[in-house]
Amino acid sequence: MQFRSFPILLILVVSVALTAGANWPRFRGPGGSGVSDDTGLPTSWGPEESIVWQTPLPGFGTSSPITLGDKIFLTCYSGYGLDQDEPGDQEDLLHHVVCLDRTTGKILWDKRSWALLPEQDYSGFMALHGYASGTPVTDGQRVYVFFGRSGAWAYGLDGELLWKKSVGKKTHGWGSATSPILHDDLVIINASVESQSIVALDKATGKEAWRTEGVIESWSTPVIVATPEGSRELVVSMKNEAWGLDPKTGEKLWRCESVQDYVCPSVIAQDGIAYITSGRTPLTIAVRAGGRGDVTATHRLWELRETPRVPSPLVHDGLLYWVCDRGIACCVDAATGEMVYEKRIPRFGKTYASVVLADGKLFAVSRENGAVVLAAGREFKLLAQNKLDDDSIFNATPVVSRSQLLLRSDRMLYCIGKK
């Protein structure tokens, strides 16, 4: 009976996996690309249109949700820093790791922990995003989150706390905003704010596996790049230069001169090329991975004096896209670095969320003026401008899941699409 039932069980498992659709397991989805194979996504939505469900969240935050099968995970915070005029008392600051049902939006569990104090005061740029800006990541067995000086935390899928680990205790006036990523049995964190380091932790125990210091003024989430030779490199963007590290050991393999200023956007990569964008100083560069030593003269392919500043770009079908923090949509030829178009989106304004692509469409969300849908391609085409009946702030990058969109404000999580 055991041998006869095994094929049936295997068919059921495969069937469930296929019907569940692709997971969105980290910041900007698989590989951090911001690109999904899903089709049938909505072009237009509003307060009375295409809202499958909406769920009030137990706290504020700017992190994106992630999905794993029938579960959604996200982070938020409460108790302090909800109102700039009356921020409250830091001693009341709580971090939340929240799990929701993917189908209904119902909150399944909410795990809370006290923040490690003192935190950066809630004022100025800190008030633009708060204390839960790092998106979780999952390997299908655990959920890993990062709360700045409060450290990295690992939870079971049922909400059990498995371990927590400090990666540094410094703070900054702009706060902490990087998201953890995974490589083999490691959780890798850009702790530039907390300790000017990239830190790798063992997924099972939280024990530090390696640390590479000297990461200056970087709010950028790194990326794993497959080189033309078939190896893997961890590409890190920071003030003045970019590094290629061995993700297993943290050994520095190469460096490249880069942005002479702080950096916010995440590194993205395709076909062995890393695309690196800046913060305040306008610069975008393309660097071919796989070099050794100083590769500025040999592997830096092109540069463009433009940048998204805060949001991260994406690359697809030979084109690099972004919507910058001022609400300007840009398309760049990924092979040459030439600007294809640069168009201001009407009535869009300040934008911190990163663009995502699915179904031949680009989805971008502004802080206060709704979302837009653009056609992918070399011509700027505004397909729709959509706004929900919600006056809260939308900083989180959209998530593509089951041919639907998950949009997160600082108060609410929306599922948008067909039921």
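What 222 nm value per residue comes from the helices of the chain, counting each DSSP H run with n ≥ 4 as -39,500 (n - 2.57) and dividing by all residues, nearest 500 deg cm²/dmol?
-2000 deg cm²/dmol
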Nearest 0.05, what FRET efficiency do D92 and E257 give at R0 = 45 Å with Cβ-Cβ as r? 0.50
For the stretch 175-233, go through all pairs of different Cα atoms, get the mean of 1/r, take its inverse, and jot down that Kirkwood value in Å. 12.1
Beyond 26 Å between alpha-carbons counts as too far, so tell me which of K111/K170; K252/K361; K350/K381; K203/K350; K106/K203 fall in that bin. K252/K361; K203/K350; K106/K203
Environment charge of G206, counting only residues whose C-beta is closer than 9 Å and scoring Lys/Arg +1, Asp/Glu -1: +2
Rounded to whole Hz, the Karplus (6.51, -1.76, 1.60) HN-Hα couplings of the stretch 382-394, x for glycine and proline: 8, 7, 6, 10, 10, 9, 8, 7, 8, 8, 7, 9, 10
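For K164 and D70, FRET efficiency with R0 = 30 Å and r from the beta-carbon atoms, rounded to 0.05?
Efficiency at R0 = 30 Å is approximately 0.70.
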Among (i) 23.6; (ii) 26.1; (iii) 21.5, the value of Kirkwood radius over Cα pairs in Å computed for this structure carries the label (iii)
Name the residue, out of Q385, Q84, Q270, whose mean-square fluctuation peaks in a Gaussian network model built on the chain with Cα pairs under 10 Å. Q84
Environment charge at G290 (Cβ cut-off 11 Å; Lys +1, Arg +1, Asp -1, Glu -1): +1
Long-range amide H partners of W109, meaning residues 5 or more apart or on another chain whose placed amide H is closer than 5 Å, are C99
Along each of the three principal axes of the Cα atoms of the stretch 210-301, give the extent in whole Å, ordering the values from largest to smallest. 34, 29, 20
Given points 7 Å out from each Cα along the Cα-Cβ axis, report the H316 to W114 separation in nanometres with one decimal. 4.6
Short version: ³J(HN,Hα) in whole Hz for each residue of the stretch 219-225, in order, from phi by Karplus 6.51 cos²θ - 1.76 cosθ + 1.60 (θ = phi - 60°), x for Gly and Pro, what are they? 10, 9, 7, x, 9, 8, 10
Taking the Cα centre as origin and putting +1 on Lys and Arg beta-carbons and -1 on Asp and Glu beta-carbons, what dipole magnitude results for the stretch 21-416, to the nearest 20 debye? 380
Residues whose built amide H sits under 5 Å from the amide H of M412, excluding neighbours closer than 5 in sequence, are L57
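Trypsin sites (Lys or Arg not before Pro), restricted to the stretch 183-240: which are DSSP loop and have at most 13 other Cβ atoms within 10 Å?
K207
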Can you list the trypsin sites (Lys or Arg not before Pro) in the stretch 53-125 that are in a DSSP coil and have 16 or fewer other beta carbons within 10 angstrom? K106
Starting from the Cα of T336, step 7 Å along the direction of its Cβ; do the same at R280; then give the gap between the two resulting points in nm. 3.3
Work through the residues other than N395 whose Cβ is under 9 Å from its Cβ and net out their charges, Lys, Arg +1 and Asp, Glu -1. +1
How big is the equivalent ellipsoid of the stretch 52-157 along its three axes, where each semi-axis is √(5λ) from the Cα gyration tensor, reported in whole Å from largest to smallest? 24, 15, 11
Looking at the stretch 42-151, which GluC sites (Glu not before Pro) are DSSP coil and have at most 10 other C-beta atoms within 10 Å of their C-beta? E48
Exposure proxy ranking, count of Cβ atoms within 10 Å, fewest first, for V193, V356: V193, V356
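Bear in mind that the values in this text are calculations on the coordinates, not laboratory data. Remember, it's a predicted structure, so these values are computed and weren't measured experimentally. Don't worry about glycine lacking a Cβ; one is built from the backbone with ideal geometry, like all the others, and counts go over all protein chains shown.
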